[in-house]
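Heads up, the thing below is written out as structure tokens.
The values are calculated or read from the model by the stated rules, or taken from the named source; none is laboratory data. Since we're looking at a predicted model, the values are computed, not measured. Positions of Cβ are backbone-derived with ideal geometry, glycine not excepted, and every protein chain shown enters the neighbour counts. The protein model used for the area step is the full one, side chains on, heavy atoms only, and it has no ligands, DNA or RNA in it. Shrake-Rupley method; radii C 1.70, N 1.55, O 1.52, S 1.80 Å.
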Amino acid sequence: MDAVTENLDDYVSGFLTSLSIILWSLVGSLVLGMLIAACRVSPVPPLQRFGAFWVTTFRNTPLSVVLFFCAFGLPELGVIRSFFFFGVLGLVLYTSAFVCEAVRSGINSVSAGQAEAARSIGLNFTQSLRFVVLPQALRTVVPPLGSVIIAMFKNSAVVGAFGVGGDLWSTGLTLTSARGYETLPVFIGVALGFLLITLPAGALLHVIERKVAIAR
Amino acid sequence: MTSRSAGEPLVRLSGVNKWFGELHVLQDIDLSIDRGEVVVVIGPSGSGKSTLCRTINRLEPIQQGEIAIDGERLPEEGKQLARLRADVGMVFQSFNLFAHKTVLENVTLGPVKVRRQSKGEAERRARELLDRVGVGAQAEKVPAQLSGGQQQRVAIARALAMDPKVMLFDEPTSALDPEMINEVLDVMTTLARDGMTMVVVTHEMGFARRAANRVVFMDAGRIVESADPETFFTRPASDRAKDFLSKILTH
């Protein structure tokens, strides 16, 4: 594992870049995914159609294509930002579709009577969702949402390949192709870097899952 | 309670029709309910009595006709509907207490978020109501820790906390074990005596005799008969009502 120890600084900076892609994407896709889910369950048909269109578009398009449009298509339309911004944007758009569907499955798991009771005491749609339905939905949503989030963590490697550079995956690429290290140890190092993020995340999800579980 | 127009009925349904697909579940329903009146709706299952109850706060939309509460026509959706629903208490067959909140929070949610009461004020009033329905000692528990009868009494307190003009009860005792039915009916009887306007869908004929001002008998989506309880139970006018009563009162 000399490849890793000799280049530890590169690994650390790659790790930090990956972590920052992941954290921005996490916040962005959770917020956006919940908004799209709210659209899909709203009583307003145009919003429902918009939500369905969003999910159909981003769930059925390969991530690399979404990233390609963001990184190379948007600049042609006059949107000039860093590759980091476009990379995170692409990952957020793509992941939001999956977050939306996980959250929606949770919302559907809350019995219709809960929403009816909320509406009966005069809560409007947003209030019913916020105070009654979503808190209960999030409980059932932790396991599937966890899978979506961990898949997103790993997809951040694809973002690195789209010109962001300096993340874990690109570090591995640089070490093998430019500096001639053996592929196997270098990428075992890359994999370990991702495990450093995904394993604690998985453990954290498990704790959250136990914490929010309630008696019904 | 504000009585904007004392002569007007509090709840008025006129020419109400509703379909579930092909099924014509409510047919030309005309019904007026006065302030302080207790109307019990009975009928065989599938007769549309629950649906009728649920149209009054628009949990079920109607396709034809008009429903007005306190002289105000039920709005379609949105803010006005939410405001009007706050004035109409609803008690469900399956209680529907908010599973993730304590008993106390169940009762204070509406007053705090809809009526904009302070938390302290809402809690003081909630405890008062919980005492009144006999579950004051359970305030800090979550619904799953309560018996069915206790949960339904909390649900009644939750509705009362909004100071509703009218209370709707959709088969409030049908999901309860027999020994818990009376504790809920007692609370409802007291409410009726105190002058609350109530629409009660139920199979409890004893409650209908004891507390109702009027019994409405429904069958196949229509109101077949509407009479005071004494008349209805002793001299029903329609054959369908006679048939229904003979089936339920013999055992």
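Structure notes:
- Residue list for segment B:133-164, restricted to those being away from chain A (no Cβ under 12 Å), of a type outside the set (A, V, I, L, M) and more than 15 Å from B:L97 (Cα to Cα): B:G134, B:G136
- When residues of segment B:73-83 are limited to those that are of a type in the set (A, V, I, L, M, F, W, C) and more than 8 Å from every other protein chain (Cβ to nearest Cβ), the one surrounded by the most Cβ atoms within 10 Å (Cβ to Cβ): B:L74
- Only one of the listed residues (B:A175, B:A157) is at negative phi, open to solvent by less than 20 Å² (accessible area, probe 1.4 Å) and among the aliphatic types (A, V, I, L, M). That residue is B:A157.
- Selection of segment A:175-216 for residues being within 14 Å of chain B (Cβ to nearest Cβ) and part of a helix (DSSP H, G or I) yields A:K211, A:V212.
- Boolean, B:I62 is away from chain A (no Cβ under 14 Å) and part of a strand (DSSP E or B): no
- Those residues of segment A:126-169 which are closer than 22 Å to A:I107 by Cβ and in contact with a Ser or Thr (Cβ under 6 Å, 6 or more places away or on another chain), in sequence order: A:T140, A:I150, A:M152
Per-residue answers, yes or no, for (1) in contact with a helix residue (DSSP H, G or I) (Cβ under 6 Å, 6 or more places away or on another chain); (2) within 13 Å of another protein chain (Cβ to nearest Cβ); (3) aromatic (F, W, Y); (4) in a loop (DSSP other than H, G, I, E, B):
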| residue | (1), (2), (3), (4) |
| --- | --- |
| A:E116 | no, yes, no, no |
| A:F131 | no, yes, yes, no |
| A:G146 | yes, no, no, no |
| A:I149 | no, no, no, no |
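- Inside segment A:29-46, residues that are part of a helix (DSSP H, G or I), surrounded by fewer than 16 Cβ atoms within 10 Å (Cβ to Cβ) and touching a helix residue (DSSP H, G or I) at 6+ places or on another chain (Cβ under 7 Å) make up a count of 0.
Here's the yes/no breakdown for (1) more than 21 Å from A:F86 (Cα to Cα); (2) touching an Asp or Glu at 6+ places or on another chain (Cβ under 8 Å); (3) among the acidic types (D, E); (4) open to solvent by less than 50 Å² (accessible area, probe 1.4 Å):
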position: A:P144; (1), (2), (3), (4): yes, no, no, no
position: A:I149; (1), (2), (3), (4): no, no, no, yes
position: A:K154; (1), (2), (3), (4): no, no, no, no
position: A:A157; (1), (2), (3), (4): no, yes, no, yes
position: A:G166; (1), (2), (3), (4): no, no, no, yes
position: A:R179; (1), (2), (3), (4): yes, no, no, no
position: A:E182; (1), (2), (3), (4): yes, no, yes, no
position: A:G189; (1), (2), (3), (4): yes, no, no, yes
position: A:L192; (1), (2), (3), (4): yes, no, no, no
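- Segment B:47-59: number of residues that are more than 10 Å from chain A (Cβ to nearest Cβ) and part of a loop (DSSP other than H, G, I, E, B): 3
- Residue satisfying all of: in segment A:1-56; among the hydroxyl-bearing types (S, T, Y) and more than 22 Å from the chain's Cα centre (by Cα); farthest from A:E116 (Cα to Cα) among these: A:T5
- Residues (of a type in the set (A, V, I, L, M), out of contact with any Cys (no Cβ under 7 Å at 6 or more places or on another chain) and more than 29 Å from A:L196 (Cβ to Cβ)) located in segment A:20-64: A:L35, A:A38, A:V41, A:V44, A:A52
Residues are listed down the side, and each one gets a yes or a no for (1) open to solvent by less than 30 Å² (accessible area, probe 1.4 Å); (2) under 14 Å from the mean Cα position of the chain (by Cα); (3) within 13 Å of chain A (Cβ to nearest Cβ):
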site: B:R35; (1), (2), (3): no, no, no
site: B:G71; (1), (2), (3): no, no, no
site: B:A86; (1), (2), (3): yes, yes, yes
site: B:V107; (1), (2), (3): yes, no, yes
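- Residues in segment A:126-142 that are within 19 Å of A:V207 (Cα to Cα) and either charged (D, E, K, R) or open to solvent by less than 10 Å² (accessible area, probe 1.4 Å) (or both): A:Q136, A:A137, A:R139, A:V141.
- Taken over segment B:93-103, residues that are open to solvent by less than 10 Å² (accessible area, probe 1.4 Å) and more than 10 Å from every other protein chain (Cβ to nearest Cβ) amount to 1.
- Any hit, segment B:140-151, residues being in contact with a Lys or Arg (Cβ under 9 Å, 6 or more places away or on another chain) and under 23 Å from B:E37 (Cα atoms): no
- Pair list, Cβ < 8 Å and 6+ apart or interchain, from segment B:205-227 residues that are under 20 Å from B:G36 (Cα atoms) and open to solvent by 20 Å² or more (accessible area, probe 1.4 Å) to residues that are assigned to a helix (DSSP H, G or I) and among the charged types (D, E, K, R): B:R209/B:E230
- Contact map, segment B:121-147: residues that are over 16 Å from B:A161 (Cβ atoms) paired with residues that are polar (S, T, N, Q), Cβ distance under 8 Å, separation 6+ or inter-chain. Pairs shown: B:E140/B:T102; B:K141/B:T102; B:V142/B:T102; B:Q145/B:Q138; B:L146/B:Q138.
- B:V112 meets each of the listed conditions (1) open to solvent by less than 30 Å² (accessible area, probe 1.4 Å); (2) free of Cβ contacts under 8 Å to residues at least 24 places away in the same chain; (3) not basic (K, R) apart from (1).
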